[in-house]
């Protein structure tokens, strides 16, 4: 079964109810529909939680992530891989993006993001798409 690793930007779109539009709909609504349709296939990590914790306006919303968190990877395991990826990609991605990409590669997950740079680089390694590409 395909699993979807959801990047931090997608969670921020949803949790902060961001209004910028894609295909005429607010991105948070598209993300909500993606979560509804793919609920049992969604994975995220504690690294996503750490990355977005201080960016979520209503901290109670962070509880919505808990059910999707896989705690399989420790920083001792993933940081060296992320540092290697960061160097390989000539520091074009943030360290957190490198972490997310490495987890998706190692677990053979589809990476879900709206970050254009991350999408472009990730596609060299794995399947990477925007959530609206799944629901439409």
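Just the residues that are more than 19 Å from residue 110 (Cα to Cα), assigned to a loop (DSSP other than H, G, I, E, B) and touching a helix residue (DSSP H, G or I) at 6+ places or on another chain (Cβ under 9 Å), please, taken from the range 1-27. Correct list: 16, 17, 18, 19, 20, 23. Only residues that are closer than 23 Å to residue 101 by Cα and either part of a loop (DSSP other than H, G, I, E, B) or touching a strand residue (DSSP E or B) at 6+ places or on another chain (Cβ under 9 Å) (or both) were counted across the range 46-59, and they come to 7. Listed by first and then second residue, the pairs with beta-carbon distance under 7 Å, at least 6 apart or on different chains, first residue in the range 78-99 and touching a residue at least 40 places away in the same chain (Cβ under 8 Å), second part of a helix (DSSP H, G or I), are 96/8; 96/47; 96/51; 97/118; 99/47; 99/78; 99/82.
Going by what's in this entry, would residue 63 be described as out of contact with any helix residue (DSSP H, G or I) (no Cβ under 7 Å at 6 or more places or on another chain) and part of a helix (DSSP H, G or I)? Yes: the conditions hold for residue 63.
Of the numbered criteria (1) closer than 17 Å to residue 8 by Cβ; (2) without any contact (Cβ under 8 Å) to a residue 24 or more places away in the chain, the one residue 48 fails is (2). Only one of the numbered conditions (1) in contact (Cβ under 8 Å) with a residue 24 or more places away in the chain; (2) under 14 Å from the mean Cα position of the chain (by Cα) is violated by residue 119, and that is (1). Would you call residue 43 closer than 22 Å to residue 12 by Cβ, outside any loop (DSSP other than H, G, I, E, B), within 16 Å of the chain's Cα centre (by Cα) and in contact (Cβ under 8 Å) with a residue 12 or more places away in the chain? In short, yes.
If you go through the range 100-120 and keep only what is in a helix (DSSP H, G or I), touching a helix residue (DSSP H, G or I) at 6+ places or on another chain (Cβ under 9 Å) and farther than 17 Å from residue 3 by Cβ, you end up with 117, 118.
No lab work stands behind these numbers, since they all come straight from the coordinates. All values derive from a computational prediction rather than experimental measurement. With ideal geometry, Cβ positions are generated from the backbone for all residues, glycine too; neighbour counts draw on all protein chains shown.
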